[in-house]
Each structure stands twice: as structure tokens, then as C-alpha cells.
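Only one structure is covered here, and it is reproduced in the block below.
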Amino acid sequence: MQSSRLNPLLEKNQLRRQLLAKRQSMPIEQWRLFSQTLCQQLLDSSLWEPAQTVLAYMAFKQEPDLSWLFLQGSNREWGLSRCVGQHLVWHRCNPLNSQMLQTGKYGILEPYPDCPELLSTDIDLIIVPAVACDRNGYRLGYGGGYYDRLLASPAWSAIPTIGIVFAQNLFDQLPTEPWDQPLQAVCTEKGIIQF
């Protein structure tokens with residue numbers, strides 16, 4: 001995207017700021033429509049059908065909203081994460097039940113700590129939030145490294161992953177670092193790309 005002489009971390013931070021501002025300026029009606037269309041693309045995908053226990057996220061800063069997916073996937077078990085130190089801890093949790101959720105340290109809704117914990121062996125699919133993704137399977141996250149640390153772990157690395165972004169934030173190539181972990185697919189409102 002930019003010159004390779006630039007510091008990739010500075011390049012990522014600048015890109016992240018620009019893309020978040022652009023996403024948050026999207027009209028609410030368009031955001032809702034794109035979110036629902038994206039959820040339908042996911043429901044129609046071959047990765048969705050066999051998945052019985054799915055890790056997801058609660059939308060933040062106008063990320064694609066998965067509420068419609070939660071409504072359609074009532075026969076699935078859902079997991080949501082909590083940030084604990086430098087790691088994500090996953091809990092079985094109904095994302096539509098507000099009594100199971102609290103606001104975490106980043107302002108994102110997360111399960112209460114007493115919700116049952118999920119292990120990697122319980123999981124069939126991980127839906128990964130992103131600021132942007134590219135056509136090589138790499139994502140630009142929020143800079144905390146939580147998902148890269150999770151997916152670098154041997155226990156979690158074999159689980160199918162789908163990055164979720166609107167098509168305006170799907171690029172041919174993003175700046176990457178050696179620790180960035182590629183995803184197995186990316187879903188936008190225009191379709192799914194599998195790698």
C-alpha cells in the first residue's frame with residue numbers, strides 16, 4: 001500500500017485510524033443493511049454448516065453487527081471472549097442475553113467471568129473481528145495482538161477462522177509483521193473468499 005521503507009507499525013497505525021474513521025462515518029441504515037447481508041453470506045457458506053460451537057464478537061465502533069447471525073443461528077452454541085491480561089478467555093454465552101454480558105475494559109460487551117469457559121477442543125469456527133483484511137488472509141486488528149497470540153497457539157491454530165469486514169475494508173495487500181497470523185477466509189457483504 002505505502003512505500004516499503006516506512007515503519008510497518010507506523011503504517012498500520014495510520015491506516016487503522018483512517019479506516020476506523022471511514023467505517024464510523026457510514027450511515028446507520030447502510031451499516032445495518034451491509035451487516036445483515038454479510039451475515040447472510042456467512043450463513044450460506046460451506047464453513048458455517050458444520051460449525052456447532054462458534055466463537056464470535058460483540059460489534060464495537062460500527063464493526064459489522066452479527067446480531068442477525070445470532071438470531072438465525074439459535075441452534076448453535078456461542079462463545080464470546082474476555083480480555084484477561086494479554087490473552088482472550090472464551091466463555092459459552094448467549095450473545096442475545098444482555099444479563100450474561102458486561103462492559104469490559106475496552107468498552108466492548110463481554111461475558112461475565114462466571115459463564116462456562118470454552119476450550120479450543122470445544123470450538124468449530126472462530127469469527128474474527130477486524131479493521132481490515134486482505135486477499136492473502138491477513139487482518140488489521142486494533143493493535144492489541146489478542147487474536148494473533150490466540151491463533152499462534154498450537155491448540156487454536158487448526159480451528160477454521162473467518163475475518164469479518166465490510167468490502168470497503170478488503171484490500172489486495174496489507175502491511176504485515178512476522179507475528180501476524182493469517183485467517184482461512186474473509187467474509188464481506190459481497191461474499192466469502194477462502195484461502
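Quick notes on this structure:
- Under 19 Å from Lys22, Cα to Cα: aspartates and glutamates that are on another chain or at least 8 residues apart: Glu11, Glu63, Asp65, Asp134, Asp172, Glu189
- Of interest is the spacing of the C-alpha centroids, which for the range 42-99 and the range 120-168 amounts to 13 Å.
- Here the Karplus curve 6.51 cos²θ - 1.76 cosθ + 1.60, taken at θ = phi - 60°, turns the phi angles of the range 19-32 into couplings of 6, 5, 4, 5, 5, 6, 8, 5, x, 4, 4, 5, 4, 5 Hz, with x standing for Gly and Pro.
- Look at the Cα gyration tensor of the range 156-195: its axes a ≥ b ≥ c give a/c of at least 1.5 with a/b at or below b/c, and that counts as oblate.
- Projected over all directions and averaged, the alpha-carbon convex hull of the range 82-163 occupies 5.8 nm².
- Cross-link partners of Lys105 among lysines, defined as those whose alpha carbon lies under 16 angstrom from its own and excluding same-chain residues fewer than eight positions apart: Lys61.
- Kirkwood Rh in Å, taken over all unlike Cα pairs in the chain: 17.0
- Debye, to nearest 20: dipole size of the range 8-194, +1 on Lys, Arg Cβ, -1 on Asp, Glu Cβ: 500
Read-outs: derived from the displayed coordinates by stated rules, not from any lab. Computed from a predicted model, the values in this text were never measured in an experiment. Cβ atoms come from the backbone with ideal geometry, glycine included; neighbour counts cover every protein chain shown.
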